[in-house]
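Take a look at the structure set out below.
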Amino acid sequence: MISIHWPSKVISVPRADMLLVQSAPTEIRELDVEDFRLALKSLEDDPIGMAYADTHRHNPPVTVGGVTLARVIEIVNGYTVTFEDGQYAVNIVGANSNIGDRVNVNQVSVRSANSAGLTQIRTVEAGAFGGVVALDVTHGYPGTGYVDGIPIGTHARPSNNVADAAFIAELRGIEVIVVHGEMVLTSGDDLSGYTIRGENAITTMVTIEAGANVSNCQFEDMIISNSVLDGYAYTKHCSVNNVDGIEGYVELAMLSGNLSLAGTQNTYFISCKSGCVGLGTADLPVLSMAGSGRHVAFRGYEGPIKITNSTDPDNTICIDVSSGATITIDPSCTAGNIYVGGIAHLPPTAHGMTVHLDRQLDQKSIADAVWSHASAAQMITRLAEAWGRLGLDVSKPLVTGQTSITFGDIAMALTGDATSTTVTRQ
C-alpha cells in the first residue's frame, strides 16, 4: 500500500496498488488522483503523520454553468513521489495535479493529462456507461481500462469476459450487466447479486453451467437454456428452457423443456405461459418438485404442464390456470398436495398426490352454478311453460277448447269476441 517516509518526505506508490489497464505490448497502470489523495489523508491522520506538514493541497470539483470542472491536487511542502521501479507506464487520471513535477525519476514512465478545461472524469464516464456495464463475449474487448479513450464496459466498447465485466461493475458501483448475443457462465464465474439483462428474449441467450455463482441475481429479457441456477433468483421476460435449480420468482416467462426446483424457499411462477406448440406429451413443459420440502405457486398460468417427482406429503402446488389446459401428474408423484383453481383439466389419476378442486372452474361447474342460481330456476319454469304452450312436451299434451287451453296442471282461460281473443293464465 501507499506509504510515506516522513523524515525524507518521500511518498512511495507500489506497482500492485495501481489499476492494470493494459498488460501487452507495454504494461500500463492507472493512478486515480482522488484515491491517491484519500490514502495520503489517511496517513496524515496516523499518530506519526500528525507531527509532520501536510502532503498536499486539495481543491474539490467546481460546477460552473452546468459543467463540473475537475479537482486539483498539489503536492506541497517538499514532498516527492516515487513509483515502484520497473518497466511500465503510469497514467495519472481523475484530476489536475503536479504529481508529474514531483516524481523521483526511475524506469517508470509517468504520464499526466492536465488541462485547463478538464472536466470531472468520473461524472463524464458515468454518462458513458449509462448505469450499466456492457458484455459481449464475441465482439467485446479485454481488460478494464480504455480503448481509443473510451472506457471498456460501455456499449461502444463492451467487455468480452465475465471477470472483467464484474470488476468494472464493482469498481464503478454499477449493478446492471447488459449481455449482447450469447454468453456461457462457467464454473467459477461470479455475478451474484447483479441484474443481468439481455437485449430481448430472441437475440440474447445465456447458459449457466454448474458451479457458476448467480445467487440473488435478476435475469431480464433473454433466453435461459440448458442451465443450472445457483440459489434464489428473479427471472422476468425470459424464455426458460431446460433449467435446474429454480428458486425464487419467475415472472412473465415462457416455460419449456425440463425444469426443476431447488432450495427451501417458496417459488412463484407469475403470469407465465407454456411453450407447448401442440406436439403432444413430448412437448409439455415438465416441472420436477425434486423430492421434498418444495412449495410452488402458479398465478395466472396459461397452457399445459406436467408435474413430476413429488415425494413429500408436505409438498404443495397451487396452480391457477386461465386457459383450460391440462395439468398432468406423473406416476413419480407419490405424495403432496395440489390445489387447482381457474379453468383447468386434470386426468382422473393423481397417483399419490391429493388433489383439491375447491377453486377449479370447468364447463360443468360453470353450468351448474348458472342453473342453480335463484333467477335461473325461475327461468327454467318459464321456459318449460313456453315449451308446453307450443305443444312440444309429449308428457303434457296441449288441449285447446272453446274457453280454455290446458297442458299438465297449467290452465289458460280464453275470452273475447269475433275480432280478438284474450288468453289469461289461471
ask   = Label points 7 Å out from Cα along the Cβ direction at T326 and D283: separation in nm?
value = 1.2
key: Residue with peak Gaussian network fluctuation, the chain [Cα springs, cutoff 10 Å], from A376, A233, A53   = A376
note = The lysines whose Cα lies under 22 Å from the Cα of K273, excluding any fewer than 8 residues away in the same chain, are K236, K306
key: Overall dimensions of the chain as given by Cα atoms, namely Rg and Dmax in Å   = 37.6, 136
query = With contacts defined as alpha carbon pairs under 8 Å and 6 or more residues apart, what's the relative contact order of the chain in percent?
reply = 6
request  = Kindly provide the helix-only [θ] at 222 nm of the chain, computed as the sum of -39,500 (n - 2.57) over DSSP H runs of four or more divided by all residues, to the nearest 500 deg cm²/dmol?
outcome  = -4000 deg cm²/dmol
task = Treat the count of other C-beta atoms within 10 Å as a stand-in for reagent exposure and order H56, H180, H155 from fewest to most.
result = H155, H180, H56
note = In terms of the charge dipole of the stretch 124-367, which places +1 on Lys and Arg and -1 on Asp and Glu at the beta carbon, the residue among V286, G181, G153 farthest towards the positive end is V286
Rough spin-label spacing in nm, given labels placed 7 Å along Cα→Cβ, for T381 and Q107 = 10.8
request  = In debye, nearest 20, what is the charge dipole magnitude of the stretch 3-119 about its Cα centre with +1 on Lys and Arg Cβ and -1 on Asp and Glu Cβ, if you could check?
outcome  = 260
query = What's the extension gain from D46 to T26 if we count 0.36 nm per residue and subtract their Cα-Cα distance?
reply = 3.5 nm
key: Listed residues T207, T326, T63, most fluctuating in the chain (Gaussian network, C-alpha, under 10 Å)   = T63
message = Please list, in order along the stretch 210-220, the HN-Hα scalar couplings obtained from phi with the Karplus expression 6.51 cos²θ - 1.76 cosθ + 1.60 (θ = phi - 60°), rounded to whole Hz, x for Gly and Pro.
response = 4, x, 6, 9, 10, 4, 6, 8, 10, 9, 9
Rounded to 10°, Cα long-axis angle of helix 374-389 versus longest principal axis of the chain = 40
ask   = Along the stretch 26-40, what does the Karplus equation 6.51 cos²θ - 1.76 cosθ + 1.60 (θ = phi - 60°) give for ³J(HN,Hα), rounded to whole Hz, x for Gly and Pro?
value = 10, 6, 10, 10, 10, 10, 7, 5, 5, 4, 4, 4, 5, 5, 5
query = Nearest 20 debye, what's the magnitude of the dipole of the stretch 124-367 about its Cα centre given +1 on Lys and Arg Cβ and -1 on Asp and Glu Cβ?
reply = 620
message = Skipping prolines and chain starts, which residues have an amide H placed within reach, meaning under 5 Å, of the one on S404, given they are 5 or more residues away or on another chain?
response = L414
query = How far apart, in nm, are the 7 Å Cα→Cβ label points at D54 and T138?
reply = 5.5
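No value in this document is a laboratory result; all are computed from the given coordinates. If you're wondering where the values come from, they're calculated on a predicted model, not measured in any experiment. Here the Cβ is made from the backbone with ideal geometry for all residues, glycine too, and neighbour counts use every protein chain on show.
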